[in-house]
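Notes for the one structure printed next.
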Amino acid sequence: MLLIHCPYCDDTLPELEFAYAGEAHIVRPEDPSKLSDEEWRDFLFIRTNVKGVHAERWRHINGCGRFFNALRDTVSDRFLTTYKAGEARPDMTQLEAAE
Amino acid sequence: MTKYRVKGKGRVNHAKPVSFTFDGDRFEGVEGDTVASALLANGVHLMGRSFKYHRPRGVVTAGSEEPNALIGTTRGKGQFEPNTRATMQEIYPGLKTESQNKWPSLAFDLGAINDRLYMLFSAGFYYKTFMWPRSFWDSVYEPFIRKAAGLGKAPSEVDPDSYASRYLHCDVLVVGSGPSGIAAALSAGRAGSKVVLLDEHAEMGGTLLSEPSITIDGKEAWDWLEAALAELDNLPNVTRMTRTTAMGYYHQNMIGLVQKLTDHLADAPTAAPRERMWRVRAQEVVLAQGAIERPMVFHGNDTPGIMMAGAAQTFLNRFGVLVGENPVVLTSHDSAWYSAFDMADAGANVVAIVDTRPEVPAALVQQAMKRGIDTLVGHTATGAKGRLRVKALRVNPVRHGKVGPAQMLNCDAVLVCGGWTPSLHLFSHTKGSLHWDPEAKVYLPGHKTENVHIAGAGRGLWGIAAALEDGAKAGTDAVKALGRMTGTATYEVSNDRAGTGITQKELPTDRSAGKAKAFVDFQNDVTAKDIRLAVREGMKSIEHVKRYTTNGMATDQGKLSNMNGLTIASDALGKEAPQVGLTTFRPPYTPTTFGAFAGYHKGKHFEVTRRTPIDSWAEEHGAAFEPVALWRRAWYFPQAGEDMHKAVARECKATRESVGIFDASTLGKIEVSGPDATEFMNRMYTNPWTKLGVGRARYGLLLGEDGFIRDDGVIGRMRDDLFHVTTTTGGAARVLNMMEDYLQTEWPDLKVWLTSTTEEWATIALNGPNARKLLAPFVEGADISAEAMQHMSVVECTVGGFPARLFRISFTGELGFEINVPARHGKALWEKLWAAGQQYDICPYGTETMHVLRAEKGFIIVGQDTDGTVTPLDAGIGWAIGKKKPDFVGKRSLERPDIVAPGRKQLVGLLTDDPKTVLTEGAQIVDDPNQPKPMKMIGHVTSSYWSEALGRSIAMAVVEGGFDRMDQTLYLPGESGKPITAKVTSTMFYDPAGDRLKVE
Ligand SMILES: [Zn+2]
């Protein structure tokens, strides 16, 4: 069982308190009616399905209830970092340098 | 004293006899015995039959890696356990055990005929044999496989035992209590760390229990062990756990432990759990699991009486049992020589030590000579005589690769050592990499992914001095990793019996290798020939060889067989082992009971049961209940002599004729409040909310962004900035989650607050022409007359003296009210209405009647009439879409090409030609019953009931192009092959004009 850091609670807690919520940084278009069928299809269904560092959303559902973002390596299943909703995806090179 | 018990030997209590049964026969052991050691003390080696060929098998190990001696144990009613390793089960007075895979008896087994039908069962036999002829499948193959499948027999009664579950946090978790584990625990414990030391055996000490002759720091091994354990017990920061298996190693140093608490007790305390699952989160982990002795692969190597040399040494030194009086030792490692010496010193006549190596250390030969033991160096074993017990070992000299003439060595036991395999199962769970040591031909721990230290034989070190030194270092390293400083203890060891050896493929033979039954995997009956056949048939990776032959796929996960299998496969492929690969070990390390995983989650505690405030009233009035999400809901209220059908017909009639009362408290309720509440509702729901006045209510429809229906419910506007949203019973949490998601991440600028109020309110629905007459006298602060309170409205008032949100709405087509009062008043109000309702013959009804009444009106149930692929247009509720709204969740998807394409499945009514026939929900529909098979299914029935009001059956169905098929006849499967015919209709079966709502 993973330990996950909630950036709102600023605490590292067991996975049981959290729920996965899909890929991160997929923003709902301001005006969906302006999108072509293909663009709307991509928004709805097309995901990166990356082997490696994946930006994804989690919700501290049995805690503070907040949605936040995380970088997780899908190969090792390890969390690299978590950050608040609305913040930019952290630069991996800086993250590695900090380690 | 039993024949093979050695006086004064071992750690068992010779003065305390313990009797137990095996296959109905009474045996005597002593306190401290396992089933295996006690049977061996009685001269019994034959403890089971093999899985596939039913070959007689004897015990081969003294530990949890045992593949053969699997027994069933019975402790009482419902307390039968199959596949218990006889080497791990401690005996106690009255223990009942039985052997497995035998019929009619262990010594005479009819299934052993399989052994003669070898060709039928060779590698890949499942894939080849059972393919043809096809007609054989039902009559021959399947019954045969079912009878043969599985080890042992599954328990058939409910397990009455309880199982516990606990969490544990520690600084250093040490797995394994051999010399390296104890040294690690001492280092970490002395430094003040919170240490947990565990071992799967009843007693700690590991190898030290089998090596009493060495001395550590001037003390005899067992004295040193006693002192070391006493020191650990005196440290308040150290916990020791025996009979505890680390069964899985999970992310971030979480280790699952299973602690056996009562299986060794004759009289277990009644309240005691049988096992306890510990979920441990450790800062640092030390794996000190030692190494597992490898069998040798030669013809007849599975004959009872042939066992691991290290196991024989353990049975002698720990249990005081000689496994044979005339043993032969067959080895490629120095360690088995010491086993031979211990056996000889305890009075056995060791016939010979056969070593496959061309040369061995001279000192060993000298020690053998001193004891009068023959030594045959540079020899191979080519066969074993004896079926139920080994009688002789056939050995041949090997010179320059040529196998010389054979000789028979008469014996009653063969003690084998084909080298040692570091036990890296738990390390493998962490996805830590293994690197191949080409010298020792073993895998050793490589790159680590967790805060873990591997000590001792687990990383290829041999001998007790090395284990102690390495364990002490691992303990110190763990402490240092925690940021503490500490020194490393040193240990002075004398008489250590370190040694070396080699590992090898199947032994060379002078006989036809094709006829050899040289077993690699005892538990799954896989031979060296099977592995070579698999390679010949094209299996190139060990993962393929494993699945084709089933090598290593038994309950022991190949603890004994994997490395021998890999060595043979890599030889057959002409590649080095790392190029062939290594299969992955997965949790659990040893078979684990379902009970341990389930813990407290069984029976009533399996999952939460949510009850409404009115639940107890329903129970007192004889309701039948059904589970809905986590709720239990009153299903119907049967009266004397009524089945569900009759009760529901009566409830429907009473409600439509006078008044029915229904507990709707489980409906999800969410308060949407704040200055931007209207805007938020406009964006979430399909409907327009801006013009909905305070005090009015509206049916709300929620889509996913993909345009499919997710949820629905009536929503009342309480104030300009406050909506009372209801959801489906099962959808409440999902809807709140979805709302939170949009509010937090897409529209964080909106000033809206969401609060779950499902359990704050009790909700009572009154439906029927007399509903208002019954309710009105209870209402204060509001006028609920037909003129003052229209259908689809809401008012805050008091009902029966309780503050209430009173809705006039209807899910039945009758005049209806839903009264929400604070949950604590729910039952009191229900009882008041119930008492006053007697004058109108008030009828309580349950969810089944609710379903029928709504279906008569064509109201959908999300999740029953929709399945996640149904749009509002498909469901015929396009009117719920606010056409003028610029956007809402899912709006854009309603223009998707597939959504606007013709031929979508649409929700329609179905009326059977025979009004008495009630269709089966889920039944598939075709439009031409004469088309060739397979027929094209055009839809299925979603709801189907007997309608008492209409005196006939009704059904709803999703049908391809359904709206264009009105009055068309469709066909559904009926009994006796004759299709049922039904006509497509509107879903508005009853009172389509809605006149019944207009009650004055
Ligand atoms: Zn949080």
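Somewhere in segment A:57-71, is a residue within 8 Å of chain B (Cβ to nearest Cβ), aromatic (F, W, Y) and more than 29 Å from B:G256 (Cβ to Cβ)? For segment A:57-71, residues within 8 Å of chain B (Cβ to nearest Cβ), aromatic (F, W, Y) and more than 29 Å from B:G256 (Cβ to Cβ): present.
Residues in segment A:73-84: is at least one more than 16 Å from the ligand (Cβ to nearest atom), basic (K, R) and out of contact with any Ser or Thr (no Cβ under 9 Å at 6 or more places or on another chain)? No, segment A:73-84 contains no residue that is more than 16 Å from the ligand (Cβ to nearest atom), basic (K, R) and out of contact with any Ser or Thr (no Cβ under 9 Å at 6 or more places or on another chain). A search for C-beta distances below 6 Å between a residue of segment B:877-897 that is within 13 Å of another protein chain (Cβ to nearest Cβ) and any residue that is of a type in the set (F, W, Y) and open to solvent by less than 50 Å² (accessible area, probe 1.4 Å), counting only pairs 6+ apart in sequence or on different chains, returns B:R892/A:W40. Taking every residue in segment A:51-77 that is open to solvent by 50 Å² or more (accessible area, probe 1.4 Å) and pairing it with any residue that is in a loop (DSSP other than H, G, I, E, B) and hydrophobic (A, V, I, L, M, F, W, C), at least 6 positions away or on another chain, the pairs with Cβ-Cβ distances below 6 Å are A:C64/A:C9. The set of residues from segment B:357-389 being under 44 Å from the mean Cα position of the chain (by Cα) and assigned to a loop (DSSP other than H, G, I, E, B) comprises B:G386, B:R387, B:L388, B:R389. Tell me which residues, restricted to segment B:45-96, are under 19 Å from B:V30 (Cβ atoms), open to solvent by 10 Å² or more (accessible area, probe 1.4 Å) and either free of Cβ contacts under 8 Å to residues at least 12 places away in the same chain or in contact with a helix residue (DSSP H, G or I) (Cβ under 9 Å, 6 or more places away or on another chain) (or both). Within segment B:45-96, B:A62, B:M88, B:Q89, B:E90, B:I91 meet the criteria. Does segment B:898-950 hold any residues that are open to solvent by 50 Å² or more (accessible area, probe 1.4 Å), assigned to a strand (DSSP E or B) and touching a residue at least 60 places away in the same chain (Cβ under 8 Å), and which are they? Hit for segment B:898-950 is B:W946, nothing else. One residue alone among B:T666, B:T686, B:T655 is under 30 Å from B:F606 (Cα atoms), open to solvent by less than 10 Å² (accessible area, probe 1.4 Å) and touching a residue at least 12 places away in the same chain (Cβ under 8 Å), and that residue is B:T666.
For segment B:518-559, a residue qualifies if it is surrounded by 19 or more Cβ atoms within 10 Å (Cβ to Cβ) and of a type in the set (K, R), and the qualifying residues are B:K529, B:R532, B:K546, B:K559. Within segment B:244-277, the set of residues being aromatic (F, W, Y) and open to solvent by less than 10 Å² (accessible area, probe 1.4 Å) comprises B:Y249 only.
Which numbered condition in (1) free of Cβ contacts under 8 Å to residues at least 40 places away in the same chain; (2) surrounded by fewer than 20 Cβ atoms within 10 Å (Cβ to Cβ); (3) among the hydrophobic types (A, V, I, L, M, F, W, C) is the only one that B:A733 fails? For B:A733, the exception is condition (1).
The values are calculated or read from the model by the stated rules, or taken from the named source; none is laboratory data. Just so we're clear, the structure is a prediction, and the values are computed from it rather than from any experiment. Here Cβ is always computed from backbone atoms with ideal geometry, including for glycine, and neighbour counts include all displayed protein chains. Just so you know, the surface numbers come from the protein's heavy atoms only, side chains and all, with ligands and any DNA or RNA stripped out. Shrake-Rupley method; radii C 1.70, N 1.55, O 1.52, S 1.80 Å.
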